[in-house]
1. Can you confirm whether segment 56-64 contains a residue that is closer than 30 Å to residue 155 by Cβ, touching a residue at least 60 places away in the same chain (Cβ under 8 Å) and out of contact with any strand residue (DSSP E or B) (no Cβ under 9 Å at 6 or more places or on another chain)?
2. Do we have any residue at all in segment 142-151 that's surrounded by 16 or more Cβ atoms within 10 Å (Cβ to Cβ), within 12 Å of the chain's Cα centre (by Cα), farther than 13 Å from residue 5 by Cα and not assigned by TED's automatic domain parsing to the domain that holds residue 53?
3. Does segment 169-192 hold any residues that are touching a helix residue (DSSP H, G or I) at 6+ places or on another chain (Cβ under 9 Å) and either crowded, with 18+ Cβ neighbours inside 10 Å or not assigned by TED's automatic domain parsing to the domain that holds residue 93 (or both), and which are they?
4. When residues of segment 77-110 are filtered for being in contact (Cβ under 8 Å) with a residue 40 or more places away in the chain, in contact with a strand residue (DSSP E or B) (Cβ under 6 Å, 6 or more places away or on another chain) and in a helix (DSSP H, G or I), how many remain?
5. Is segment 169-187 home to any residue that is out of contact with any strand residue (DSSP E or B) (no Cβ under 8 Å at 6 or more places or on another chain), under 20 Å from residue 91 (Cβ atoms) and not in a helix (DSSP H, G or I)?
6. Only residues that are in a strand (DSSP E or B) and more than 18 Å from residue 16 (Cα to Cα): list them for segment 134-163, please.
7. Looking at (1) in contact (Cβ under 8 Å) with a residue 40 or more places away in the chain; (2) under 30 Å from residue 128 (Cβ atoms); (3) surrounded by fewer than 16 Cβ atoms within 10 Å (Cβ to Cβ), which one does residue 14 not meet, given that it meets all the others?
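The values are calculated or read from the model by the stated rules, or taken from the named source; none is laboratory data. On a predicted model such as this, the values are computed, not experimentally measured, just so you know. A quick note on method: Cβ atoms are made from the backbone with ideal geometry, for glycine too, and the neighbour counts reach across all protein chains shown.
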């Protein structure tokens, strides 16, 4: 029986599209956008941030050392303000609200840095969540079995009673390997709502 939904954050509750974030900066030099994508979002340092091994200040220091000075200001904007550029995923705040009203537990499991608590409450729908687990505070990442077990323990949930929703298929598969039901989210809140209905929840 489905009793709880565990959501990812970026790509599920709020859009996570680094190319879009970079595109809002109106960069003038050809190749600058691709350089920022490579040195920030696609870098190993970004992953280290999600692991909690470095914070945004250290990430910025490392990125600044790899890019021209003219890109320092836009890099700062991306590192410390990508969440302000991001937009809520349509229909997801309403789904979280309806799940909560239906009596289900609503939780967050996200690969994110130590800065996540600073902006989480500004994301529409976050007010309906019972609890959160952010990778940087535990030193492990999805899709490892370890992080799903940590989440189940923290939230006091049974794996077989949980649906995990993530925009990355590998993470949904990781949840399934840990005994949860996994759902690969493609941006369609109505499709997710229908899938939840097929599991016996009237939302």
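1. No: zero hits.
2. The first filter runs over segment 142-151 and keeps only residues surrounded by 16 or more Cβ atoms within 10 Å (Cβ to Cβ), leaving 142-143, 147-148, 150-151.
So of that shortlist, the ones also within 12 Å of the chain's Cα centre (by Cα) come out as 142.
Next, only the ones that are farther than 13 Å from residue 5 by Cα stay: 142.
So of that shortlist, the ones also not assigned by TED's automatic domain parsing to the domain that holds residue 53 come out as 142.
So far as segment 142-151 goes, yes, one or more of its residues are surrounded by 16 or more Cβ atoms within 10 Å (Cβ to Cβ), within 12 Å of the chain's Cα centre (by Cα), farther than 13 Å from residue 5 by Cα and not assigned by TED's automatic domain parsing to the domain that holds residue 53.
3. Residues satisfying the conditions are 174, 175, 178, 180, 181, 182, 183, 185, 192.
4. Final tally of qualifying residues: 2.
5. Yes: one or more hits.
6. Let us first name the residues in segment 134-163 that are in a strand (DSSP E or B), namely 134, 162-163.
162, 163, listed by residue number.
7. (3)
A quick yes/no check of all residues on (1) touching a helix residue (DSSP H, G or I) at 6+ places or on another chain (Cβ under 7 Å); (2) surrounded by 17 or more Cβ atoms within 10 Å (Cβ to Cβ); (3) part of a loop (DSSP other than H, G, I, E, B):
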site	(1), (2), (3)
21	yes, yes, no
25	yes, yes, yes
48	no, yes, no
58	no, no, no
63	yes, yes, no
72	yes, no, no
75	yes, yes, no
